[in-house]
Structure formats: structure tokens, C-alpha cells
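The values are calculated or read from the model by the stated rules, or taken from the named source; none is laboratory data. Computed from a predicted model, the values in this text were never measured in an experiment. Please note: Cβ atoms are built from the backbone with ideal geometry, for glycine as well, and neighbour counts cover all protein chains shown. Accessible surface is based on the protein model in full, side chains and every heavy atom, while ligands, DNA and RNA are left aside. Shrake-Rupley method; radii C 1.70, N 1.55, O 1.52, S 1.80 Å.
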Amino acid sequence: MTGVICKVNADLDARNKIDYSLISPPRVQKTYIDLDLKGSIQHSGAQEQQEAYIAPIILPETWQSMVLVGLSEYFFNTLGKTYFLSDIIKLSLTQETDPHAFWLKTDDYGSIIPEMKKYYPKSETVILTVKATKTPVILLTSQITMQLEGILEALAVLPYNVTEQIFAASVEGTFLVDTMRLSNLNLKVSFIIQSFSLRDFRSSVGRVDVTGLEHSLGHMLQESVVHAINSGLRSGIPMPSLANITLEESAISVTPGCLLMSMDMYYIPWRELMHMLPEHRT
């Protein structure tokens, strides 16, 4: 990319923005207009960075709808990088946040960690923390998947709020997009987990049944991590829009390297638009 022709930003949330700047002049053909938008996400107020050239999306030439929007893997991976830097994928599970959850007392681990009672004769509170350690990788094939790596740590809370590590492990998870829809020019996406595993296990309390622990903690961690990801996406991803234009009858499909959204476009003249607005009374 050598520069930006027209600067356009959209707010993703209170801290992040989407750069939809036009990076080359519009290409006007007999039957359509082709717009090449930047499509990257970064922190609001962050210094602009010169990115490597990203090959433009080649949209299908035959399509029934009036508007066709393509979002590349690059777009979604800048979203994953932004959320990684924002520490959205950083969780602490405690009795305060999850009062009815199992595995938040040292006594809960008796069948999986035989020597736990030796290290903690009195049942102590446990804090489980999960944090992403690498930027998530998002792939678009016939579906959207996200690969996530992180670290899981269990801490025992001793008197005077002193904590000490019980165990730690690397976490690897693969997530699939479960639902995806376009609502009011916002792309709504939610994930479910496909697989979850523990690697490089490190114990401070003797032998641990890692397979049993992975199975036992799996549901709790899946629910908490998926909830954190989906909460970050709850407001949706705003699509670029034009004044006086509404988009309806949308359809979404996923092809290798690209998410395609097709829709019909309706123009509302200013006079009609003013009549649609609430009447101002003094």
C-alpha cells in the first residue's frame, strides 16, 4: 500500500476503530463500481503504521445482488490482534465471579491430584487464570475457524492473600463460528469451541492425572473463554455505509480466504428521509 485516497473510520467499540479508507481510486465499469477499502482494526489514537501490501479480494463477476462486500482473513486477523493486545482473552475464575463452580477449592482435586491433601491439609480457595499468549489466528475456508494458544494457571489463596502456584499448562484451542448474521449494518458473529487440550504441564503438588484434569476442567474453561470472546463481539462489526442508503435482503457465505456478504441497496431521498425523522418540538 502506498497511501490512502480517502480516510474513513468506524468505531468498533470504545477503544478500537476500523479503518475503511479507500486505498485506490474507484474503478467504474459499465455495470458496477469497484471500491478497494483498507479494512484494518487498531486502537483508537494509536499511531498509524505502514502495513505490508495486502492483495485485494477478487470478487465474483456474476452475482444477483446489488452490493457485494468481501472481508479477507487479513481483516479478521487484525481484529484478533487488537483483542489480544486489549487483554480481552485474559480471565480469572474465582469464587466471587463463579460462586457455584467446581474446581475452585483444593479439596475438589483429590481424585486427580493424589498428594493435594499433603500440600494443603486445609481446603484452600483456588483461582484459575487463563490468558492468551499469542495473537489468535483466524482462517477462512468453507467456514471460519480461530486457533488460540494460551496458558492456564491454578493458584492457591493462602492467609493474608498470599498465592502460590499449584499447576500450570499451555492451552491450545480451536473455535468455530456458530452464528453469523448482518443486522443494521453490523456483522454479528459468535464462536463455539471445537477442540481443547493441555500441553507442557507443570505441577507443584506431585503427580497429576493430566487427562482427567483436562476432561474435568474442559467444560468450565470452554464456557468461560467462549463467553469472553463472544462478549467482545457482542456489539457487532460495523460495515461501511453511505448516506441515504439502506441495505436489505442480505446473505453471507464463506469462501477460501474471504467472507462474502451480498445485499440489495435502497436509496432514500433527503426529503423522504426528513419526513421519517421524529418531529422536533419546541
*If r is the Cβ-Cβ distance from residue 122 to residue 227 and R0 is 45 Å, what FRET efficiency results, to the nearest 0.05?*
0.90
*Residue-normalised accessible area of the chain, given per residue in Å² at a 1.4 Å probe*: 59 Å²
*Go ahead and run the numbers for FRET between residue 245 and residue 165, Cβ-Cβ distance against an R0 of 51 Å, rounding to 0.05.*
0.35
*Set of region 196-227 residues, backbone N closer than 16 Å to the point 7 Å along the Cα-Cβ line of residue 147*: 196-199
*Provide the solvent-accessible area of residue 162, counting protein heavy atoms only and rolling a 1.4 Å probe, rounded to the nearest 10 Å².*
80 Å²
*Obtain the nm distance between the two label points defined at residue 235 and residue 258 by a simple spin-label model: each point lies 7 Å from its Cα along the Cα-to-C-beta direction.*
2.9 nm
*Return the long-range amide H neighbours of residue 66 (sequence gap of 5 or more, or a different chain), with a cut-off of under 5 Å between placed amide H atoms.*
263, 264, 265
*Of all accessible surface on the chain at a 1.4 Å probe, what whole percent is carbon and sulfur?*
54 percent
_Largest to smallest accessible area among 34, 87, 11 [probe 1.4 Å]_ = 11, 87, 34
_Crossing angle, helix 73-85 versus the chain [Cα axis fit, 0-90 degrees, rounded to tens]_ = 40 degrees
*Cα pair distances exceeding 21 angstrom across region 64-174, given as percent*: 53 percent
_Non-local Lys pairs in the chain, i.e. 8 or more apart or on different chains, that have alpha carbons under 20 Å apart_ = 15
*Folded to 0 to 90 degrees: helix 210-232 orientation relative to the chain principal axis, Cα*: 30 degrees
_Given R₀ = 30 Å, what would the calculated FRET efficiency be for residue 184 paired with residue 134, taking r from the Cβ atoms and rounding to 0.05?_
0.35
_Could you report the accessible area of residue 96 in Å², rounded to 10, computed with a 1.4 Å probe on the protein chains as they sit in the structure?_
150 Å²
*In nanometres, what is the gap between the two model label sites at residue 95 and residue 267, each 7 Å from Cα along Cα-to-Cβ?*
6.6 nm
*Find the Rg to Rh ratio for the chain, where Rh is the Kirkwood radius over alpha-carbon pairs and Rg uses the same atoms.*
1.09
